[in-house]
Amino acid sequence: ITDPTGVLEIIGSGGTVIDADGVDRIFQVQANITAILRNLTLTGGSVTGSADGGGIHNSGSLVLTGVTVTGNQSEASGGGLFNTLGGDLTIDESVVSANSALDGGGLYNNDSGTVSIRNSSVNGNSAEDDGAGVFNDLDGTIDVVNSDINSNNAVGQGGGIYNNDAAVINVSNSRLSL
């Protein structure tokens, strides 16, 4: 998504599925772009080699409401979601589940990216190294409010959350469990 002249909003019917069928990532939101996704399931995104963000790669402003991000993978970082370069990502009333990556199976945030996870669930994601549910790195900031982060599995550290390199994470009124 590259047109900075307005806001792109995609609204599903609640049963709407966008399936990349393992061909590539589903969406890439560039810097200075605003996108809003509602009532969708995003699945089948896949990137190989050093590419990040199997489901979505965001460096703009992205809002997910009522969205399920599931069954996506990256051989590098951010199987479900990759937020970077000052990107602003809001995950509200959504589910991030069953995604996989080397690092950040569900979500990888870095390079001064900002993420807000509200009224959502991050569960059942896996990482071959660190941060199966959430990996926060390099001056990234994540706020988790009224959400569950559970049943994520990392081979390395941080099954639920891995916080690294001057990154900040704030958790309130939420549950974290194995």
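The values are calculated or read from the model by the stated rules, or taken from the named source; none is laboratory data. The shown structure was predicted, so the numbers you read here are calculated from the model rather than taken from an experiment. Don't worry about glycine lacking a Cβ; one is built from the backbone with ideal geometry, like all the others, and counts go over all protein chains shown. The area values use the complete protein model at the heavy-atom level, side chains included, leaving out ligands, DNA and RNA. Shrake-Rupley method; radii C 1.70, N 1.55, O 1.52, S 1.80 Å.
Here's a check for you: in the stretch 60-70, which residue that is part of a loop (DSSP other than H, G, I, E, B) and not hydrophobic (A, V, I, L, M, F, W, C) is nearest to residue 140 (Cα to Cα)?
Looking at the filtered set, the residue picked out is 60.
Which of (1) open to solvent by less than 20 Å² (accessible area, probe 1.4 Å); (2) more than 15 Å from residue 69 (Cβ to Cβ); (3) part of a strand (DSSP E or B) does residue 102 not meet, given it meets every other one?
The failed condition is (1).
Residue under question is residue 112, and the condition is that it be in a loop (DSSP other than H, G, I, E, B), open to solvent by 20 Å² or more (accessible area, probe 1.4 Å), among the polar types (S, T, N, Q) and closer than 21 Å to residue 59 by Cβ; does it hold?
yes
Matching residues to (1) open to solvent by 40 Å² or more (accessible area, probe 1.4 Å); (2) at pLDDT 95 or above; (3) under 19 Å from residue 77 (Cα atoms); (4) not aromatic (Phe, Trp, Tyr):
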residue	(1), (2), (3), (4)
134	no, yes, yes, yes
137	no, yes, yes, yes
141	yes, yes, yes, yes
146	yes, yes, no, yes
152	no, yes, yes, yes
160	no, yes, yes, yes
165	yes, no, yes, yes
169	yes, yes, yes, yes
173	yes, yes, no, yes
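For the stretch 6-59: of the residues being among the acidic types (Asp, Glu) and not in a strand (DSSP E or B), which is surrounded by the fewest Cβ atoms within 10 Å (Cβ to Cβ)?
21
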